[in-house]
Every structure is written in C-alpha cells, then in structure tokens.
C-alpha cells in the first residue's frame, strides 16, 4: 500500500508541475488594431477610414467603443468620429476632407478591457495644394506640437461628487511619460481653477476635484516637458 500511495503522490506532483508549466507558457491575448487609411486622399471626395480589430487572433465584433480622431497638422481642432460596426472585426467612418494638408488619424478602440490607439498620417490634396508643413507652430510664447495627442477620458460628472479627471497623452504615437500636466477649469466667466495631475501609468495622468454647480465647464489640459509645451481645451458636463 505504501508503494501505491507513493506512486499516486508522485503522479499528482507530476500533473501539477505539468499544469503549472502549461499555464506559464500561455501568453496573454492582446488587443490588436490595424488602421486602414489611404496614404493620399483626394480633396472634396468622400473617403472611408477603417480599422480591423482582433483579440488573440480572433475578430472582435463587439468592441465597447471605436472612434476615429482626425486633425490637420498645425490646428488645435480635433474631430472625434464614432465608427460604424461593419462586421468581421471591421469598423469604419466616412469623411470628406475640404482643406488640403497633412492630417493625423488615430483610431481609439476599447474592447476586452483593453485600449489600443494606432496613429497614421495622411496627405489630402495634390502637392501643389499643400501648405508649408511645420512640425511645430508658434502661438505667442507657446509651442504647439501637431504630433502630441491629448484625450480626456470622461466628460460627464455629477455635482458635489468627487470627479476623477483622467487624460491619456501620446507623442509620436507613444505614451508621453514624465510630463508636467495640469488642468485649468472654469465655467462661463468664473474664476479659473488650476489642478496639478499625477502620472498613474505610462502616458496617463489623473487629478481629482469636485464641481459645486451643474452646467457646462471648460477644461484646458496643459502639457509640458523640456522639449514641448502644448494644450487642448475640452468641454465637460456636470449634472
């Protein structure tokens, strides 16, 4: 009987070891987004911007949110377009570009509790139509970089309740780390309030405040490093 028990114990240890090794070898599935946009787009012609979303190699047809952010280099105006689910992992929007120039497109995809946001630059119009392309423009004493992307996660909050302002910042498509970030908040002609944010993870900065009144507020997100100084204004609603 001792030999039987010993054999069973050894078998149990062997099976447990094999299972643990198998679990260790398993790689976590990743959310992959393939941004599909033309490199060159004709002026004043409707164009489809799309992306293919997969998770662990399988097409994702139930993404929580897919949006396309589009802006012209040198402009502070960013357009956020909600994508349509075309099935088979494909999400798309249609847009007509009415001004020539170089644009950036970012597809913001949230699915499977993960977020992915690939970026691509496109050229609109013929070369003769293009304005001079400056990667950096000067406005007063500030430097505004077209390759910095600032995204405020939440834009609706409740009055007299703790509000968490979270912003994701990238530079050249990569998370911008170790930046000095603060929020400038005001409502109408009221006094501006400044709140310093702290970096919680790579490229993600957070600050906490409480809104005392309902209404629409402006939030100016300031981003500074030794090499750049940028900002972006967002509108939020307090109910």
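Answer yes or no as to whether residue 216 is within 18 Å of residue 234 (Cβ to Cβ), surrounded by fewer than 12 Cβ atoms within 10 Å (Cβ to Cβ), at pLDDT below 95 and under 25 Å from the mean Cα position of the chain (by Cα). So residue 216 passes the test. Taking the criterion of being surrounded by 14 or more Cβ atoms within 10 Å (Cβ to Cβ) and free of Cβ contacts under 8 Å to residues at least 24 places away in the same chain, the only residue of segment 194-208 that qualifies is 199. Restricting 102, 98 to residues that are at pLDDT below 95, part of a loop (DSSP other than H, G, I, E, B), more than 15 Å from the chain's Cα centre (by Cα) and under 21 Å from residue 36 (Cα atoms) narrows the list to 98. Against the list (1) touching a strand residue (DSSP E or B) at 6+ places or on another chain (Cβ under 8 Å); (2) within 24 Å of residue 107 (Cα to Cα); (3) surrounded by fewer than 17 Cβ atoms within 10 Å (Cβ to Cβ), the condition residue 239 fails is (2). Can residue 212 be described as under 24 Å from residue 120 (Cα atoms) and either in the same structural domain as residue 157 (by TED's automatic domain parsing) or in a loop (DSSP other than H, G, I, E, B) (or both)? Judged against the criteria, residue 212 is not a match. Quick check, is residue 170 part of a loop (DSSP other than H, G, I, E, B) and either within 18 Å of the chain's Cα centre (by Cα) or at pLDDT below 95 (or both)? It is false that residue 170 is part of a loop (DSSP other than H, G, I, E, B) and either within 18 Å of the chain's Cα centre (by Cα) or at pLDDT below 95 (or both).
If you check residue 221 against the conditions, is it in contact with a strand residue (DSSP E or B) (Cβ under 6 Å, 6 or more places away or on another chain), farther than 23 Å from residue 118 by Cα and either surrounded by 14 or more Cβ atoms within 10 Å (Cβ to Cβ) or without any contact (Cβ under 8 Å) to a residue 60 or more places away in the chain (or both)? Judged against the criteria, residue 221 is not a match.
Condition check ((1) assigned to a loop (DSSP other than H, G, I, E, B); (2) touching a strand residue (DSSP E or B) at 6+ places or on another chain (Cβ under 7 Å); (3) more than 22 Å from residue 233 (Cβ to Cβ); (4) modelled with pLDDT under 85) across all residues:
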residue: 75; (1), (2), (3), (4): yes, no, no, yes
residue: 108; (1), (2), (3), (4): no, yes, no, no
residue: 131; (1), (2), (3), (4): yes, yes, yes, yes
residue: 138; (1), (2), (3), (4): no, no, no, yes
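The values are calculated or read from the model by the stated rules, or taken from the named source; none is laboratory data. Predicted model, so just to flag it, every value in this text is computed and none were measured. Cβ coordinates were reconstructed from backbone atoms using ideal geometry, including for glycine residues, and neighbour counts include every protein chain displayed.
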